[in-house]
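**Q** My questions will all concern the structure given below.
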Protein chains: 2
Amino acid sequence: MNMRTAAPKRTPVPLNGVDTPALFATIGVVAGQPELAKFQFRAQGKWMGGTHTQTTMSGFAGAGGEHSHKMAFTADGDHPAVLCGADNGPTPVEWLLHALATCLTAGIGNIAAARGVKLDEVTCTLEGDIDLQGILGLSDKVRNGYQGIRAKFDIKGDAPPETLAAIVRQSQARSAVFDVLTNGVPVSIAVNAG
Amino acid sequence: MNMRTAAPKRTPVPLNGVDTPALFATIGVVAGQPELAKFQFRAQGKWMGGTHTQTTMSGFAGAGGEHSHKMAFTADGDHPAVLCGADNGPTPVEWLLHALATCLTAGIGNIAAARGVKLDEVTCTLEGDIDLQGILGLSDKVRNGYQGIRAKFDIKGDAPPETLAAIVRQSQARSAVFDVLTNGVPVSIAVNAG
């Protein structure tokens, strides 16, 4: 998620599939009632056997009320065969790359619309390096997670390269997932056993 | 991802859908050739219009070679209607919860098998709180990402509650996604514009 914040220099018009006037109106409403900005997102996970888990993402709270996605989205995660899993879905760490790609790209769509730039194409490739000596418990000097993530964006539109690149940079500057991945977040885990 | 590291106290047998002997054999092989532990995971994203992105997760490297999932997995991310999106998929920040749920639960499956504990059911609920004043650019005092994530696991199996709870805690201790989310990771973003 990611949006443009400064007042538009032009009358906003729908662009890139973004309802730009509605987006600016939303920002204006939240500016006047900051409590509407508090959101809570949720996922429910169910173990399917082995290393396979299916989660459901359906309801969330925000803008002063409860909401449901237009459908209950489900997704799978698993380990691949080389790690003794059944490969029923992407690995958990690939899902982190997916989260980052979708956040940065959504921001690019919104920000380009807000700046009056028509986009033709946005693609990205993401890579994450991980040394499994961490999670395999073979070394306490190797972290469990990624050691680094690299993203490369290709962006084409009706603006000069520097304008297009600045849109990507603004998306990065206001990306929720980029912030979480680079800065970390407190995570608490409770267990109800038996 | 998450695996048990100490030598098994019993002859490992397949359990919980986990090929426990193969898992221990894999750990043994990697212990002798640590370079096999280096993995690279990847995702390719494509902007679909508005705030909708579709990613593909297919190939990855590791264990000294290139691998492909048994199919090219695709997934969508979008913003919901209340945030002016078309709701074609979960939000990017919900995907972070999905990544965490699938990582911790996969670890629970593996660790329980390694410890000879038969699991009956594992479910989890995750919540993430976010104040959108950050990404909306309405406050520089509010971070862009989640302010906190809470996960609650319910686990049932043929072991005392404290044994089941210890499995969850060991999964947390060796979770790649838990590490990334709580400690952060360097992320570099390159742009090819025009």
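**Q** Tell me the relative contact order for the stretch B:43-89 as a rounded percent, counting alpha carbon contacts under 8 Å between residues six or more apart.
**A** Here the relative contact order equals 34 percent.
**Q** How high is the relative contact order of the stretch B:84-194, in percent, counting Cα pairs under 8 Å that sit 6 or more residues apart?
**A** About 30 percent, as a whole number.
**Q** Sort shortest first the distances from A:Asp158 to its counterpart in every other copy, using label points 7 Å along the Cα-to-beta-carbon line, and give them in nm.
**A** Spelled out, the distances from A:Asp158's label point are 6.8 nm.
**Q** With Cβ to Cβ distances under 15 Å as the rule, what net charge do the other residues near B:Ala63 carry (K, R +1; D, E -1)?
**A** It works out to a net charge of -4.
**Q** Please compute the Kirkwood hydrodynamic radius of the protein assembly as shown from all pairs of different C-alpha atoms, in Å with one decimal.
**A** Evaluated over the protein assembly as shown, this radius sits at 21.0 Å.
**Q** Starting from a label point 7 Å past Cα on the Cβ side, list the distances from B:Glu35 to the same position in the other copies, nm, shortest first.
**A** Distances to the matching label points in the other copies: 6.2 nm.
**Q** Each residue of the stretch B:60-67 in order: what ³J(HN,Hα) in whole Hz does its phi give by Karplus 6.51 cos²θ - 1.76 cosθ + 1.60, θ = phi - 60°, with x for Gly and Pro?
**A** Using θ = phi - 60°, the values come out as 8, 10, x, 6, x, x, 9, 9 Hz.
**Q** Same structure, new question: If packing is taken as the average count of other Cβ atoms within 10 Å, what order do B:186-193, B:160-167 fall into, highest mean first?
**A** Most protected by this proxy first, the peptides run B:160-167, B:186-193.
**Q** Pick out which of B:Gly137, B:Gly128, B:Gly28 has the largest mean-square fluctuation in a Gaussian network model of chain B, springs linking Cα atoms closer than 10 Å.
**A** Fluctuation is largest for B:Gly137.
**Q** Please find, among residues of chain B, the one with the beta carbon closest to the rotation axis relating it to chain A, distance in whole Å.
**A** Reported as residue, whole Å: B:Gly184, 2.
**Q** Name the residue, out of B:Ala151, B:Ala63, B:Ala72, whose mean-square fluctuation peaks in a Gaussian network model built on chain B with Cα pairs under 10 Å.
**A** Among B:Ala151, B:Ala63, B:Ala72, the largest mean-square fluctuation in the Gaussian network model of chain B belongs to B:Ala72.
**Q** Just round it to a whole percent: the fraction of Cα-Cα distances in the stretch A:43-89 exceeding 17 Å.
**A** That tail contains 46 percent of the Cα-Cα pairs.
**Q** What is the sum of charges around B:Ala81, taking Lys and Arg as +1, Asp and Glu as -1, for the other residues whose C-beta is under 14 Å from the C-beta of B:Ala81?
**A** Cβ neighbours under 14 Å give a net charge of -3.
**Q** So, in Å, what gap is there between the alpha-carbon centers of the stretch B:121-194 and the stretch B:41-120?
**A** Value for the Cα centre distance between the two parts: 14 Å.
**Q** Run the numbers on chain B and let me know its relative contact order in percent, using alpha-carbon pairs under 8 Å that are six or more apart.
**A** 21 percent
**Q** List the DSSP H helices in chain A whose Cα atoms stretch 20 Å or more along the helix axis and whose mean Kyte-Doolittle hydropathy is at least -1.0.
**A** Helices passing the filter in chain A: A:92-114.
**Q** Scan chain B and report its longest stretch carrying no trypsin sites (Lys or Arg not before Pro) that are both in a DSSP loop and have at most 10 other Cβ atoms within 10 Å.
**A** The answer is B:11-140.
**Q** I've got another one for you. Please list the non-local residues whose amide H lies under 5 Å from the amide H of B:Gly184, H modeled 1.01 Å from N, same-chain partners needing a gap of 5 or more.
**A** For B:Gly184, the qualifying residues are A:Gly184, A:Val185.
**Q** log10 I(q)/I(0), Debye, Cα-only chain B, no solvent, q = 0.09, 0.11, 0.13, 0.19 Å⁻¹?
**A** These q points yield log10 I(q)/I(0) values of -0.45, -0.67, -0.90, -1.46.
**Q** Shielding of A:118-131 by partners, i.e. mean partner chain Cβ atoms within 10 Å per residue?
**A** 6
**Q** Could you list which residues have their amide H under 5 Å from that of B:Thr91, counting only those 5 or more apart in sequence or on another chain, with H placed in the peptide plane?
**A** Amide H neighbours of B:Thr91, under 5 Å, 5+ apart: B:Asp78.
**Q** Sort A:Trp47, B:Trp95 so the one with the fewest other Cβ atoms within 10 Å of its own Cβ comes first.
**A** Ordered from fewest to most neighbouring Cβ atoms within 10 Å, A:Trp47, B:Trp95 come out as A:Trp47, B:Trp95.
**Q** Show me, bin by bin at 10 Å from 0, the whole-percent P(r) of the stretch B:91-183 based on Cα pairs.
**A** The calculated distribution, bin by bin, is 15, 41, 25, 12, 5, 0.
Only the coordinates and a few stated rules stand behind these numbers; no lab work does. Small disclaimer: the values here were computed from a predicted structure and weren't measured. Positions of Cβ are backbone-derived with ideal geometry, glycine not excepted, and every protein chain shown enters the neighbour counts.
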